[in-house]
Amino acid sequence: MFIAWAGLVLLFAGLLFAGNGEAQTCFPADKAKGVNPDTHLVLTFASQPAIGKSGLIRVYDAAGHTLVDTLDLSIPAGPDPARRVTPAATIPLDPAIPTSPTTTTPAVRTTPADLDHYQLTTIGGLPDFHFYPVIVHGNLATIYLHNNVLLYHHRYIVRIDPGVLTTAEGGFAGFTTDRAWTFSTKAAPPPANARRVVVAADGSGDFNTVEGAVDWAPDHPAQRVTIFIRNGTYEEIVFFEKKENLTFRGEDREKVQVGYGDNSAFNPPMPGPNRRCAFSVYDSTGIELTNFSVSNYYFGQAEGLLIYGSKNIVSHMNIKGSGDALNLRGPVYLTDTKIIGDGDTILGVGPAFFDHCEIQSVGPFMWIRNTEANHGNVFVNCTFIARERGFSATQAAAPAGSSAPARAAVAAVLARLPNNHGLNYPYAEAVLINCRLKGVAAVGWGPIEDDTSHLHLWEFNSTDMDGRPVDVSQRHAASKQLTMAADAETVKEYSDPAFVLGGWRPVVE
């Protein structure tokens, strides 16, 4: 998925020669003008480079030779993403996640991030994300400056110490003078009232990164703003909060790939929003994501997409993650979307309406946490496919060196409701209407450790992939099979998005 980068870089890069005689291309090109301030720095080598254990990457504002950013390669990116998180000091749980009405014990998360020994950056105004300062794929080394350090209408100097990168042919001598690599940024951003901006990884648009575009976007635009994403790979964490009336539209669902390797070990829990997601829409209203792919490349608690807010839409999307691959909070409408995960693939507090979606999961498809205040997850004309045990949905796309640890077999049930350290969800609701099932366990649901008297674990007309009724004779006693003879009105109500979503009738652009 990273092959497309090579052509983009070569088209717009300038040829430089390192002190050891090995040729590289640089992006932005040396002495380039009109560069977007959110650009990454990309070096293309004759062979695959390796990232050094020390050395500095520094960027200076040419006016006054002011240092504006430093990346120190001796600082690890973050905790080992393959490790298990060890409990430590307690942290208040995000208030967006409701606690059980039957318990008075405050919900807590454990293990704060170690902020003293790892790389840190701010994304979307939220500080203390761990990140990789340099990522290598093939012959390309991409340098990730801290966000928002470059400004419009400035000229910058890049200096890279020897040893930051090495190749099989020998050490990379770096750029050690003020004349080796410079570039100038655009004079100004798009107009504040622009209704459409373009993201292009090759620098041909208004922004190089999705995060750069959303950082520019007004929080409360008078009219809807569209962020159009051209085909390409955007390896970045996207996070924003308190935005409204934004549409993110990809040029091609398969050819626009937005993703990152992140999980709860690499970015452990901290107060406020979690930082383990590849793409987070947080406390936002009227956001529409359409026609592109979002992936989290790591294993564990590793959301591909988190949406928290109101009246948000996901349409014609591919979403890949591991545990909690899709995390939903607040009214969300999803249509024609494929969701792939490694168990508890859909986690949320509802309400959410899924129309003609496909969900693939290793283990349980969902864990519903809605209270009696709203509906849970409703699926109409959707497809549920159990993946083979041991397959990591994210492993194929993972950066070199990452891996999915071995895991025990977990039944591919539609939903489970375990006791969550004393937190229970007795009003959990998951309703399937006219859905196709493949590989779903005969019991269908469970384990269920909550009070079952208020649960809505309902199915109507579940079939196999060929349209034949599935055998539901062994379904969990807490679940229910709806019939047209007895439940026609219920089936009609739950087939209506407005009924599920609290009166909101979504309109997909």
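The values are calculated or read from the model by the stated rules, or taken from the named source; none is laboratory data. Bear in mind the structure is a predicted one, so any value in this text is a computation, not a measurement. FYI the Cβ positions are ideal-geometry reconstructions off the backbone, even for glycines, and counts take in every protein chain you see.
Worth a mention:
- If you go through the stretch 465-509 and keep only what is among the aliphatic types (A, V, I, L, M), assigned to a helix (DSSP H, G or I) and farther than 15 Å from PHE379 by Cβ, you end up with MET484, ALA485, ALA486, ALA488, ALA498.
- Residue identified as more than 33 Å from the chain's Cα centre (by Cα) and polar (S, T, N, Q) among SER473, SER495: SER473
- If you go through the stretch 318-373 and pick out every residue that is in contact with a Pro (Cβ under 7 Å, 6 or more places away or on another chain), of a type in the set (Val, Ile, Thr) and in a strand (DSSP E or B), you end up with 1.
- Residue in the stretch 220-238 that is basic (Lys, Arg) and farther than 18 Å from LEU145 by Cα present: yes
- Of residues in the stretch 75-106 being of a type in the set (Gly, Ala, Ser) and either more than 27 Å from TYR132 (Cα to Cα) or surrounded by fewer than 10 Cβ atoms within 10 Å (Cβ to Cβ) (or both), the one modelled with the highest pLDDT: ALA96
- Just so you know, in the stretch 31-74 the residues that are farther than 28 Å from GLY124 by Cα, out of contact with any Leu (no Cβ under 6 Å at 6 or more places or on another chain) and surrounded by 12 or more Cβ atoms within 10 Å (Cβ to Cβ) include one that is modelled with the lowest pLDDT, and it is ALA46.
- Residue in the stretch 219-237 that is crowded, with 24+ Cβ neighbours inside 10 Å, of a type in the set (A, V, I, L, M), in a loop (DSSP other than H, G, I, E, B) and in contact (Cβ under 8 Å) with a residue 12 or more places away in the chain present: yes
- Hey, PRO273 at pLDDT below 95 and assigned to a loop (DSSP other than H, G, I, E, B) or not: yes
- Among the residues of the stretch 160-214, those that are farther than 25 Å from ASN231 by Cα, in contact with a Ser or Thr (Cβ under 9 Å, 6 or more places away or on another chain) and either in a loop (DSSP other than H, G, I, E, B) or small (Gly, Ala, Ser) (or both) comprise ASP161, PRO162, GLY163, VAL164, ALA168, GLU169, PHE172.
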